[in-house]
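Written below as structure tokens is the structure these notes are about.
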Amino acid sequence: MIAPRTIRSLKRGLSRNALAKVGIAIVVVVLFVAIFAPFVAPDRPGTQNLNESRQPPIGFEKATTQEVPVKENGSVVFEDGQIVTENRTVYENSSWDHPLGTDGNGRDILSRLIYGARVSLLVGFFGTGLAMLVGVTVGLTAGYYRGKVDDVLMRSADVMLAFPSIVLAIALIGVLQDALEQSIPDPFVQTGVAPAFRSALGLPTGMPESTTLPGTIIVVVALVNWVWFARVARGEALSLREESYVKAARALGANDASIMFRHVLPNAITPILVLGTIQIAAIILLESALSFLGFSSANISWGFDIALGRQYQSTAWWISAMPGLAIVITVIGLNLVGDWLRDALDPGIEGEGGV
Amino acid sequence: MSHAGHRDDLLRVEDLTTRFYTEEGQVNAVESVSFDVRDNEILGIVGESGSGKSVTALSAIDLVDSPGKITGGEVWLRDAELAGEFRGDKPEAVDGDFVDLRQLPTGVRRALRGPKFSMIFQDPMSSFNPSLTVGEQIAEAVEVQRRASANPRSTRSRTQGYGLGKLLVDSVVPGRKYTSDESHERAIELLDQVGIPDPVERADEYPHQFSGGMLQRAMVAQALAGEPDVLFADEPTTALDVTIQAQILDLLRDIQQEQGMSVVLITHDLGVIARMCDRVGVMYAGEVVERGSLEAVFDDPTHPYTQGLLGSIPDVDDPAPRLEPIEGNVPNLLDSEMPDRCYFADRCPKAMEACLEHPEERAVEGDRRHTARCVLADDEYDPERALDESQFEGGDGE
Amino acid sequence: MSLARFLIKRLLQGVFVVWGVVTIVFGLRVIAPGDPANVLLPPDVGPEVRQQVIADLGLDQPLYVQYWEFVSGIALGVPEGLFNIATGQPVGGLGLGTSLTTGTSVASRVGRSLPATLELAIMATVVAVVIAIPLGVISATNRYSVPDYGATLFSLAGISTPNFWLGVMLIIVLAVQLDLFPTSQRAIGIPGVVDLLVSGQLVAAAEGFRTWLWYITLPAITLGTYFTALITRLTRSGMLDELGKTYVRASRAKGLPDALVRYKHVLRNTLIPIITVVGLQLGTLIGGAVITEFVFDWPGLGQVLINSINSRDWPMVQGSLIVIAVGFVVVNIVVDTLYTLVNPRVGFD
């Protein structure tokens, strides 16, 4: 399916484009930590520890003087109806146990980022996959049959584009609510491999036994983004149906479905895959926005954690900052890979989508 | 530096060298090229595509863009006024009435495009800005010269005092434009002069509303706006229908004679050269391999490449034309792959041992008007001294 | 084709899209799992009220009747026979119906929040265009220079940064830590400033305008950054593309100064296709506005949409969806017309 010529032009693009290497490295690292989260996370992402609440990241420890109430036997002291206060130096210590600090409930931010990567990537890949499936089917059908079928399908696609993706997504979530939520067990934890690994290294054990699969979000982002795939697939089908091997297959009496999926699709795959890379980035951004707005059921997610950090915006900036950086870095990585594929393979599509 | 030129010389290009620094490596597009253009003549430059003809012309008028760069050579233009101006400051750039443009400041060189040099290109459709009317585009070329004669100094500044601010004002404020009504009238005159019917209406049309031949005429009109002394015409007929080609060539010849200007006609078509030119230069692999008067070069070709080229055109007078296409390919001009020997040796039917050394340009049989970059200029082919392929070593990147 | 015919054709297409939008919005209640009333009603209503709403909304009717009522209600503005939950009294709704939580007209609520969203979107576009086009030009004309690398890096980061996070960070750094801007809300809108101006209170109007600017700065940056990055990128690549064309060389050969070639010819031709891309991306801008409004507590359409989803005020959801989509359709028609007007290569066909 991938011609040697394609591989050569990919390699040439890579050797010319140092940024593409950076992009691939980012994507590989993010994929790795997401898959092997129970091994690489330094701590349990969901376990609260209020004694360690709001620890700053390494490098940001500081001592501040704050006015705090004087306490005797655990209760505040009043004098003339006023609370007695004193100036005390408050240390905000960081520790290597929590290299990126802790959130308002004392949970390790790095571990939450690692588990958050799972949700982002699950939605990114499954959402893109579903959008691709729907979009390519519709697009191929429209481009292959042309005429009325094409008109009806593509005009409906145009109507979908009249809604900003986030707006349509919110409305769909309002309708579907959390009807499609799933929880998938974590094989590494279930089989006992990860717990054994962790206790051998002396890391905290008790990692989550399952990961939330936000089914509603996946379906919603696919319903919102399939149109881009439909447009590209239709364009390819329109030009490929005139190719002689397609005409030959038709003359030999092959049925339409087999022509579409065995002859047309393999030759249209390059632009579709390039668009897919760009769409993963767009869908990860969309997922983070939806969970930031509180529309996702995943309780560990980059967007959700940014929202959680907002109540500490005057005291602990890192709670919101860190998950955002994780999103930015991941999306930059995906965009760089997408740029590389697009430049090297030149499928003739522009970057599309985004929040 | 002073070469004994012809008394009618207008432009003398000497050892002009242009390199392109690409990702694949250094490309020697123009390699030590010399030619001269005389008053009121048509000089032909002929060669296969990729032989460096166009880049030679672009180098002469200083229009080579990054990643290309002119790395050496001299371009002497006869201009008494400029010579007088720079005689004191830059004596080494002045020789009699001639000035070496390569030694002059960029602004001065830029200001010569229009009144001294102009150029027309192969594809008229892509050589006009598709979103402005043809009249407007010709008028702006007129306008530049009008403003230059009003204020000669300003033309040498980078923007000619016409920067973003003025541009914005001119495009946003109604009734304000860069071009004046006089320039528009002159543009219409020029369109008329190159034989475009209804020039008043056509001036307000966009390039896509013109046919290829009409648009090429309009490009000639545009090139004439500055009343240039030398017009470079880069494959002016290649993109056109055969019937239109002849009309455009006739137009160029008429205009050349009317204006008394010189034309450098670049083409791969020997028939065009034979029909139009007074003198001709043959290019191969970035070099001028043979030059001289049309008769000398065509009737008595010395370089085996020229002989091969001429052999490949059907002869109208000969009922059984000999077609002798030259075997092999034009070198890709990558510096790393260019051999030390004569560039043509690998394809040459008459390569001799002496060809292992890169030949200089030399007079053919002592005639200074006819030169060739070939040992055969003053030697005879001798099969005894023939070069066999085993003697090629390295350098051709195999 | 004449401009008038072009507009009529484009408007008819627009009407078709709007009909599609209305159909999709109607379709949302059909795809709801279980009893659609669950989606359409706030969870805390009593059974009698629930029955009455179902009857009033026609949810017990066949789908095609419901659909007809819905479409004709919007098109003709006939009362939908909704009622006010607070008072229990039926109220005649306008085309978009009546809010289930406040009993007020959806159309007027949406109408009141429209200026805030428009102000935000327009400011963001202005910020984006003013920054991005010069940045793209500098970047393209000084290729491989420090400013070029800077602009390229900025645009890569800009299109990869979620705007809500950017907003949160701007609040933390510029509003909370440095106290340069307010953290949220909109103290006064342009309509308020205009009112002051009309009533002759010039000092108050100037002060109001300053306040407006002070409040809108961070939201506009938040919303505009993605757009700025995108337009910078497009301007740079478009200009590089255009600079390589033969007409640029021909213009220089005929003696035009570089600045004239660069701006009158190249930049102009670069901007023409950018207009369409910007038009297509306006959907992204409106979507971004929804989130930006949430971050900054900005009282626009996005807030209305999110709040009404959260409180399951379905008529309000429908109303804001339709207004947003129709707005997008209208903007696209305007952009298309503009594109056709500035580009002589495409006729009105």
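The values are calculated or read from the model by the stated rules, or taken from the named source; none is laboratory data. Nothing here was measured: the structure is a model prediction, and the numbers come from that model. Methodologically, a virtual Cβ is constructed for each residue, glycine included, from the backbone with ideal geometry; neighbour enumeration extends over all protein chains shown. For accessibility, only protein heavy atoms count, side chains too; no ligands or nucleic acids. Shrake-Rupley method; radii C 1.70, N 1.55, O 1.52, S 1.80 Å.
For region C:106-342, a simple Cβ point-charge model (Lys and Arg +1, Asp and Glu -1, everything else neutral) yields a dipole of about 840 debye relative to the Cα centre.
Can you give the translational diffusion coefficient of the protein assembly as shown in µm²/s, computed by Stokes-Einstein from the Kirkwood radius over Cα pairs at 10 °C and 1.306 mPa s? Spell out each step's value before the answer.
Details: Rh = 34.8 Å.
Roughly 46 µm²/s, to the nearest whole number.
Hey, what number do you get for chain C at 222 nm if only DSSP H runs of n ≥ 4 count, each worth -39500 (n - 2.57), divided across all residues, to the nearest 500? Counting only the DSSP helices, I get -24000 deg cm²/dmol. Taking chain A as a Gaussian network, where each spring joins two C-alpha atoms under 10 Å apart, which residue of A:SER314, A:SER296, A:SER239 fluctuates the most? Comparing A:SER314, A:SER296, A:SER239 in a Gaussian network model of chain A, the most mobile one is A:SER314.
Here the calculated FRET efficiency for C:ALA204 and A:ASN299, from their Cβ-Cβ distance with R0 = 60 Å, stands at 0.80, rounded to the nearest 0.05.
Given +1 at the Cβ of Lys and Arg, -1 at the Cβ of Asp and Glu and no other charges, the dipole of chain B around its Cα centre is 2060 debye to the nearest 20. Gap in Å between the Cα centre of region B:331-377 and the Cα centre of region C:126-183? That distance is 58 Å. Separation of the alpha carbons by more than 27 angstrom is noted, of B:LYS53/B:LYS177; A:LYS21/B:LYS69; A:LYS247/C:LYS9; B:LYS69/B:LYS350; B:LYS116/C:LYS264; B:LYS166/C:LYS245, for B:LYS53/B:LYS177; A:LYS21/B:LYS69; A:LYS247/C:LYS9; B:LYS69/B:LYS350. In order along region B:356-368, the Karplus-derived 3J(HN,Hα) couplings, from 6.51 cos²θ - 1.76 cosθ + 1.60 at θ = phi - 60°, round to 5, 9, 5, x, 8, 6, 9, 5, 7, 6, x, 8, 5 Hz, and Gly and Pro are given as x. Think of region C:106-342 as a dipole: +1 on every Lys or Arg Cβ, -1 on every Asp or Glu Cβ, centred on the Cα centre; then among C:VAL323, C:ALA253, C:VAL198, C:ALA253 lies furthest on the positive end.
Excluding ligands, DNA and RNA and using a 1.4 Å probe, chains C and B jointly bury around 2700 Å² of accessible surface, summed across both partners. Between A:LYS11 and C:SER145, the C-beta separation translates, for a Förster distance of 22 Å, into a calculated FRET efficiency of about 0.15.
Between A:GLN66 and A:THR315, the distance separating the two model label sites (each 7 Å from Cα on the Cα→Cβ line) works out to 0.5 nm.
Comparing B:VAL37, B:VAL289, B:VAL169 in a Gaussian network model of chain B where C-alpha atoms under 10 Å apart are linked, the largest mean-square fluctuation is found at B:VAL169.
Does chain A classify as rounded, prolate or oblate by the C-alpha gyration tensor (a ≥ b ≥ c root eigenvalues; a/c under 1.5 gives rounded; else a/b over b/c gives prolate, otherwise oblate)?
It is prolate, given that a/c is not under 1.5 and a/b is the larger ratio.
With both labels modelled 7 Å from their Cα along Cα-to-Cβ, the B:LEU356 to A:VAL76 distance reads 10.1 nm.
Of the DSSP H helices in chain C, those with a Cα length along their own long axis of 27 Å or more and a mean Kyte-Doolittle hydropathy reaching 1.0 comprise C:3-31, C:106-141, C:268-296, C:314-342. Computed from the C-beta positions of C:VAL342 and C:LEU153, the FRET efficiency with R₀ = 30 Å rounds to 0.45. The lysines within cross-link reach of A:LYS71, meaning a Cα-to-Cα straight distance under 28 Å and a gap of 8 or more places when in the same chain, are A:LYS62. Per residue of chain B, the DSSP helices (runs of n ≥ 4 H) give a summed -39500 (n - 2.57) that works out to -9000 deg cm²/dmol at 222 nm. Taking a ≥ b ≥ c as the square roots of the eigenvalues of the Cα gyration tensor, chain B is prolate, since a/c reaches 1.5 or more and a/b is larger than b/c. Judged by the ratio a/c of the largest to the smallest principal axis of the C-alpha gyration tensor, chain C counts as prolate, that ratio being 1.5 or greater while a/b is larger than b/c. Counting only Cβ charges, +1 for Lys and Arg and -1 for Asp and Glu, the dipole size of the protein assembly as shown around its Cα centre is about 4040 debye. When chain B is described by a simple charge dipole with +1 on each Lys and Arg Cβ and -1 on each Asp and Glu Cβ, the residue from B:GLY308, B:PRO359, B:GLN137 located farthest towards its positive end is B:GLN137. Hydrophobic, long helices, defined as DSSP H runs whose alpha-carbon span along the helix axis is 24 Å or greater and whose mean Kyte-Doolittle value is at least 0.0, occur in chain A at A:18-35, A:109-145, A:215-240, A:265-292, A:318-345. With each label modelled as a point 7 angstrom along the Cα→C-beta vector, the A:VAL152-C:GLN185 pair spans 5.3 nm. Taking A:THR216, A:THR85, A:THR128 as the candidate residues, the one with maximal mean-square fluctuation in a Gaussian network model of chain A, Cα springs under 10 Å, is A:THR85.
Helix-only estimate, please: 222 nm mean residue ellipticity of chain A, summing -39500 (n - 2.57) across DSSP H runs of length 4 or more and dividing by its residues, to the nearest 500. Before the final figure, lay out each step's value.
Values: 14 runs with 214 residues, N = 355.
After summing the helix terms and dividing by residue count, I get -20000 deg cm²/dmol.
Mind checking the per residue accessible area of region C:275-334 for me, 1.4 Å probe, whole number of Å²? The partial results should precede the final answer.
Working: 1440 Å² over 60 residues.
Accessible area per residue: 24 Å².
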